[in-house]
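Each value in this text was obtained by applying a stated rule to the coordinates, not by laboratory testing. From a predicted model like this one, the values you see are computed outputs, not experimental measurements. Backbone-built Cβ (ideal geometry, glycine too); neighbour counts: all protein chains shown.
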Amino acid sequence: MLDIEYEFREQDLVHFNEHRLSNNLEMQKKIRQNRLLVPGVMLFIGLFYYVYYVDMMTTAYITMLALVWGIFSPFIMKIDMRRQFFNQYTEAEKKAILGVHSLSIEPEFLQERAPGGKHKTPWKEMLRVENHKDYVYIYLDIDAAIVIPRETVTKGDLKLFSKQVESMIDRLG
């Protein structure tokens, strides 16, 4: 049947986790709250200093700190989330995940050959295929997927492969 071969890198692992978080409405709400609530409280404190103590310097410092927080906190949170992603995996798990992967479509299952070994996933255990600009995701669970970066495919036709996987999931899943 059809096969493809690709390399899965650390940046692809980070991208998938960030993609999951961007679709997580609760996490997005927390990020917006952090970005708006903390500077809002700080501005309120600055206003209090200005009205009660008539201290323009302290008010200016608090206002600047609030603006810096509002602008840079999302970037700092993103860096921290990336660090947390990497801390989730042990070195052995990273060695098993990262590297050259090969996928083959078989009549009863999708066979994956990876640095961590061979895996056979029945079609009925797969949910869907999502095609994005730089990646193809074959979802095995709500938060687990086989991630195929388009730029690292070295063997096979990814477009034809993803269409065939999608039809197999629809037919046998």
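Here the 3J(HN,Hα) profile of the range 118-128, calculated from phi with Karplus coefficients 6.51, -1.76 and 1.60 at θ = phi - 60°, is 9, 9, 10, 10, x, 4, 6, 8, 9, 8, 6 Hz, Gly and Pro shown as x.
To the nearest 10 degrees, how steeply does helix 158-172 sit against the main Cα axis of the chain, on a 0 to 90 scale? It works out to around 80 degrees. Site pair residue 142 and residue 82 shows an inter-label distance of 2.8 nm when each label is modelled 7 Å from Cα along Cα→Cβ. Here the simple spin-label model places points 7 Å from the Cα toward Cβ, and for residue 11 and residue 51 these points are separated by 5.0 nm. Computed about its Cα centre, the charge dipole of the chain is approximately 300 debye, with only Lys, Arg, Asp and Glu carrying charge at their Cβ. When peptides 102-114, 43-55 are sorted by average Cβ neighbour count within 10 Å, with the highest value leading, the order is 102-114, 43-55.
How far is helix 25-48 tilted off the main Cα axis of the chain, in degrees rounded to 10, range 0 to 90? It is inclined by approximately 10 degrees. Nearest 10 degrees is fine. How inclined is helix 56-87 to the longest principal axis of the chain, computing both from alpha carbons? Helix 56-87 sits at roughly 20 degrees to that axis. Amide H to amide H, with H built 1.01 Å from N, residue 8 comes under 5 Å of 99, 100, 101, counting only residues 5 or more places away or on other chains.
Residues whose amide H falls under 5 Å from that of residue 106, counting only those 5 or more places apart or on a different chain, are 111, with hydrogens built in the peptide plane. The residue among 45, 87, 60 whose Cα reaches farthest toward the positive pole of the charge dipole of the range 15-87, with charges on the beta-carbon of Lys, Arg, Asp and Glu, is 87.
Residues whose amide H comes within less than 5 Å of that of residue 145, counting only those at least five positions distant or on another chain, are 140 (H built at 1.01 Å from N in the peptide plane). With both labels modelled 7 Å from their Cα along Cα-to-Cβ, the residue 60 to residue 160 distance reads 6.8 nm. For the range 38-164, the alpha-carbon radius of gyration amounts to 1.78 times the rule-of-thumb value 2.2 N^0.38 Å expected for a compact globular protein.
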